[in-house]
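Written below as structure tokens is the structure these notes are about.
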Amino acid sequence: MPQLNLYGLSVEELSEVLRPLDARSFTARQIAAQLYGRGVRDFARMTDLPVSIRQSLAERFSILLPEPARILESGDGTVRYVLSLPAGGSVEAVMIPDRGRVTLCLSSQAGCALGCTFCMTATLGLERNLSPGDIAGQAALLMERHHLEVNTFNIVLMGMGEPLHNYDSVVAALRLLTDTPAGFGLSPRRVTISTAGLAPQIEALGREPVVPRLAVSLNATTDESRSRLMPINRRYPIARLMEACRAFLSRRGSRLTLEYVMLSGVNDAPSDLQRLARLALSLPARVNLIPFNTTPELAFQPSPAEIVHDFREGLVERGVMASIRRSRGRDIRAACGQLAFGMSGEGDATRRAGSVHPEGGVFS
Ligand code: SF4
């Protein structure tokens, strides 16, 4: 019988599975601190536990994290990982160094069900939700490989999948990442969740004990245009989405960014600029403009650089904080929306992984 994988279990869940071992009441908390706070992957090294407990743990349980199946390094320092998950399937994660800052872009689902027309992951459909251990394990792996200390990097859930479509696992992973000492001890302000706009879940996230930063992929300023790009808009149109964003922002200390991928002739007209500024000011939110990375499989073209620049200037003139995202990892197809393992015959180990949308990405 396969051993139960303890990686990703909360203190309460660990207490439950440890019950037959007759362990002391604080043993679960000690194990969580070792697994998440100190990165220990071997029961024998949990030296604050009695030897008999360590032996029983090793006999009954395992500690399994995502493992690299393929690694690609960009000339700009970006490293793209295709990861095999302990329970099967693959996802991608990206380490992005940028001007002394490091961002880890993680996945929340294998594939995605939301069907945004500008996104490569959408073409794969949803394979499955990731567990809390799959999500937190991506962070642990990248921290280990790149020798990153806690709170020296940011995490963005902008890889494969819609994080709020896997709400319970994402919130559980958020707790693992931010708890201390029974978690990684990351500041919640260093974690950003990106969503295509699941309004009820945005509101629920604002009521959680731990609230991360939120990025909302807006990408259009009218319902007609947004519904064409993002089918989720038919269910939660822009007005409903803005209502949810306002509810999220009513939580003290919360921060929200509107992500806007710039598609030539689709959403880059002067009237879009005016509407985008109005929407951003009404929250308020800052805006991150994302130059589209062309992929042969998708018909969209990027807005010309002057238009992207003029959009930013126009937003700033209207009193909106706005930035343009720098593209990273293009040479390894790790830039926003460029990855397409499994679609371009890049190898069996990676056949089912999809696109990753690195930091500041429009994709959720
Ligand atoms: S943009 Fe995000 S929500 Fe939309 S299909 Fe891609 S991964 Fe899913």
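Can you give me the % of accessible surface on the range 108-213 that is carbon or sulfur? Probe 1.4 Å, all protein chains present, nothing else counted.
49
Could you sort 18-31, 126-139 so that the peptide with the highest average Cβ count within 10 Å comes first and the rest follow in order?
126-139, 18-31
Roughly how big is the chain's charge dipole about its Cα centre, with Cβ charges of +1 (Lys, Arg) and -1 (Asp, Glu), in debye to the nearest 20?
660
How long is the gain from residue 281 to residue 187 if the chain were fully straight, where each residue apart is worth 0.36 nm and the alpha carbon distance is subtracted?
Length gained, residue 281 through residue 187: 31.1 nm.
Could I have the simple spin-label model distance between residue 16 and residue 255, label points 7 Å from Cα toward Cβ, reported in nm to one decimal?
3.5
Which listed residue (78, 112, 88) has the Cα farthest towards the positive end of the charge dipole for the range 1-128, taking +1 on Lys and Arg C-beta and -1 on Asp and Glu C-beta about the Cα centre?
Towards the positive end, the residue furthest out is 78.
How far apart, in nm, are the 7 Å Cα→Cβ label points at residue 223 and residue 297?
Distance between the two pseudo-spin positions: 3.2 nm.
What residues have an amide H closer than 5 Å to that of residue 78, excluding those fewer than 5 places away on the same chain, when H is modeled at 1.01 Å from N in the peptide plane?
329
At a Förster radius of 51 Å, what calculated FRET efficiency corresponds to the Cβ-Cβ distance of residue 264 and residue 62, to the nearest 0.05?
0.55
Would you pull out the residues with amide H under 5 Å of residue 286's amide H, same chain only if 5 or more places away, H placed 1.01 Å from N?
It is 256, 258, by chain and number.
May I ask which residue of 56, 273, 131 lies farthest towards the positive end of the charge dipole of the chain, with charges of +1 (Lys, Arg) and -1 (Asp, Glu) on Cβ and the Cα centre as origin?
273
Which residue, chosen from 164, 244, 154, occupies the Cα position most advanced towards the positive end of the dipole of the range 147-249, where the dipole is computed from +1 (Lys, Arg) and -1 (Asp, Glu) charges on Cβ about the Cα centre?
244
With every protein chain left in place and a probe of 1.4 Å, what is the accessible surface of residue 56, to the nearest 10 Å²?
Accessible area, nearest 10 Å²: 30 Å².
Most fluctuating residue of 96, 63, 155 in a GNM of the chain with Cα springs under 10 Å: which is it?
Greatest mean-square fluctuation among the candidates belongs to 63.
Compute the Rg to Rh ratio over the range 1-91 from the alpha carbon atoms, using the Kirkwood formula for Rh, and round to two decimal places.
1.08
Which value, in Å² and to the nearest 10, is the accessible area of residue 165 when all protein chains are kept and the probe is 1.4 Å?
Per-residue accessible area (residue 165): approximately 80 Å².
Amide H of residue 195: which non-local residues (sequence gap of 5 or more, or other chain) have their own amide H closer than 5 Å, using H built in the peptide plane?
The list, which skips near neighbours in sequence, is 215, 216, 217.
Quick one: dipole size for the range 10-112, taken about the Cα centre, charges +1 on Lys/Arg Cβ and -1 on Asp/Glu Cβ, in debye to the nearest 20.
Rounded to the nearest 20 debye, it is 220 debye.
So what's the back-of-envelope 222 nm ellipticity for the chain, counting only DSSP H runs of four-plus at -39500 (n - 2.57) apiece and dividing by all residues, rounded to 500?
After summing the helix terms and dividing by the residues of the chain, the value is -8500 deg cm²/dmol.
Suppose all protein chains stay in the model; what accessible area per residue would a 1.4 Å probe give for the chain, in Å²?
Accessible area per residue: 42 Å².
The values are calculated or read from the model by the stated rules, or taken from the named source; none is laboratory data. Owing to the predicted nature of the structure, the values given are computational and were not obtained by experimental measurement. So basically every Cβ, Gly included, is an ideal-geometry build from the backbone, and we count neighbours across all protein chains shown. Keep in mind that these areas ignore ligands, DNA and RNA; they rest on the heavy atoms of the full protein, side chains included. Shrake-Rupley method; radii C 1.70, N 1.55, O 1.52, S 1.80 Å.
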